[in-house]
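Visitor: Here's a structure for you.
The values are calculated or read from the model by the stated rules, or taken from the named source; none is laboratory data. A quick note: this is a predicted structure, and the numbers were derived from the prediction, not measured. Every residue, glycine as well, gets a Cβ built from its backbone with ideal geometry; the counts of neighbours run over all protein chains shown. The accessibility values were calculated without ligands, DNA or RNA, using every heavy atom of the protein model including side chains. Shrake-Rupley method; radii C 1.70, N 1.55, O 1.52, S 1.80 Å.
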Amino acid sequence: MELAESCFYAAKKWKELQMSSFHEKERRANEKQSKQPTDTVKDKEKTETHHESMKIFTKNPKRKFSTFFPKKKCFVFDRPVHRKKLAQLEKLHDEELDPEFVQQVADFCSYIFSNSKTKTLSGGIKVNGPRLESLVLTYVNAISSGDLPCMENAVLALAQIENSAAVQKAIAHYEQQMGQKVQLPTETLQELLDLHRDSEREAIEVFIRSSFKDVDHLFQKELAAQLEKKRDDFCKQNQEASSNRCSALLQDIFSPLEEEVKMGIYSKPGGYRLFIQKLQDLKKKYHEEPRKGIQAEEILQTYLKSKESMTDAILQTDQTLTEKEKEIEVERVKAESAQASAKMLQEIQRKNEQMMEQKERSYQEHLKQLTEKMERDRAQLLKEQERTLALKLQEQERLLKEGFQTESRKMQHEIQDLQKKMRQKRTCTIS
């Protein structure tokens, strides 16, 4: 179906939907009233209010249209085809339509494309294609089911969908950035945390741009929880990568020494000193290897501890050492092992402190970007209220000129309420 007939068809169907929905509501209300003669006061008030609104609209449609649409641009469309062909309208092509109608549609579309501003919700939220689709479906479904459509409910339902998608979009961005930047294992934990912090900041920015009406910041809290889990997963992967890398290095570097021990090369007078010298050389070679990661020292000490019995056996078989020298060497080895254990505990404590500092920085980053968003939203709301105020003042002036004194006084109350809200917004602070 071409553009022209689409416009006409959509308008026709929308009008039919509105009229059928209105009549259906009237029919249901009458049936309900006949079945339940003892309506509650609340039901009566709702019905009376609805009928009263319809009466006001019927009596003075121009007044109502002026209220809801203070700025108007009207278009008149001729019948697209002869009356007898209206039933086949969906099957007709543009060239079969009335040329004047086609031109009118072209003018209408040109005006819309050139002058219409992006539709927005309260807070300056732009309504793109997917958002409009969701709003229309929610609104039309409410009408079709006989309920009173509520735009606020439709917006909240849209917010649930959009904010959930915003969380997933932010997580996907984080994973992409980390996948591009991180090369495991990192030399230090801080190196990984710095990369996480940069990616996390960008992910929060993605979420902030895509989300709206995040009541109680539930979705941002969900994002924070998922980002924390992703960070912990990267830390675990980093630890595993470091352990695997270090274990492979130890196998390559120390396996020749173990073979020499098995061959009895160090089971001779003076063999212990030769063994210790070779052990120190191999430890130095291990420390010089790059990109061992955060598990380098722990894996080394675990390996050396597992070989203490081998070292002690070589010490005891060395006949050149006196018993006193052997005792001194045993104490030296114990002291060295204790010193290495203390160093490992300090490293673990330092890592824990780094993780706690990172958690605090993450919290502050979320708070910072949330505060900035709230400030932008507040400024946008004030801007919208100023625009609404200007329109209300124009409408009040028009009412006075046309002699609608009662409506003018009502409009004055609305203006005063709006001005009060604007003053409150200007003085509020974010804590």
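Visitor: Pop the C-beta distance of residue 210 and residue 350 into the FRET formula with R0 = 30 Å and round what comes out to the nearest 0.05. Write out the running numbers ahead of the final one.
Guide: Details: r = 37 Å, r/R0 = 1.24.
Here the calculated transfer efficiency is 0.20.
Visitor: Counting heavy atoms of the protein chains only and a 1.4 Å probe, report the per residue accessible area for region 99-251 as a whole number of Å². Show your work: numbers first, answer last.
Guide: Details: 8320 Å² over 153 residues.
About 54 Å² of surface per residue is accessible.
Visitor: Measuring from label point to label point, each 7 Å out along Cα→Cβ, what is the residue 421 to residue 306 span in nm?
Guide: 7.0
Visitor: In a shell of Cβ-Cβ distance under 14 Å around residue 220, excluding residue 220 itself, what net charge do Lys and Arg (+1) and Asp and Glu (-1) give?
Guide: Result for the local shell: -3.
Visitor: Take the alpha carbon atoms of region 167-193, find their center, do the same for region 110-142, and report the distance between the two centers in whole angstrom.
Guide: Region 167-193 and region 110-142 have Cα centres spaced 36 Å from each other.
Visitor: Rounded, prolate or oblate: which fits region 246-399 when a ≥ b ≥ c are the square roots of the eigenvalues of the alpha-carbon gyration tensor, with rounded for a/c under 1.5 and prolate only if a/b beats b/c? Before the final figure, lay out each step's value.
Guide: On the way: a/c = 8.78, a/b = 4.59, b/c = 1.91.
Judged from the Cα gyration tensor, region 246-399 comes out prolate (a/c at least 1.5, a/b above b/c).
Visitor: Carbon and sulfur atoms: what percent of the 1.4 Å accessible area of region 128-264 do they account for? Don't skip to the answer; put the middle values down first.
Guide: On the way: 3670 of 7100 Å².
Accessible surface attributable to carbon and sulfur in region 128-264 totals 52 percent.
Visitor: Follow-up. When Lys and Arg each count +1 and Asp and Glu each count -1, what net charge do the other residues less than 10 Å away from residue 333, Cβ to Cβ, add up to? Display every interim value, and only then the final one.
Guide: Values: positive: 332, 334; negative: 308, 312, 329, 331, 336.
Local charge sum for residue 333: -3.
Visitor: Sort 104-116, 156-168 by the packing proxy (mean of other Cβ within 10 Å over each peptide's residues), most packed first. Don't skip to the answer; put the middle values down first.
Guide: Details: 104-116: 12.2, 156-168: 17.9.
In decreasing order of mean packing, 104-116, 156-168 become 156-168, 104-116.
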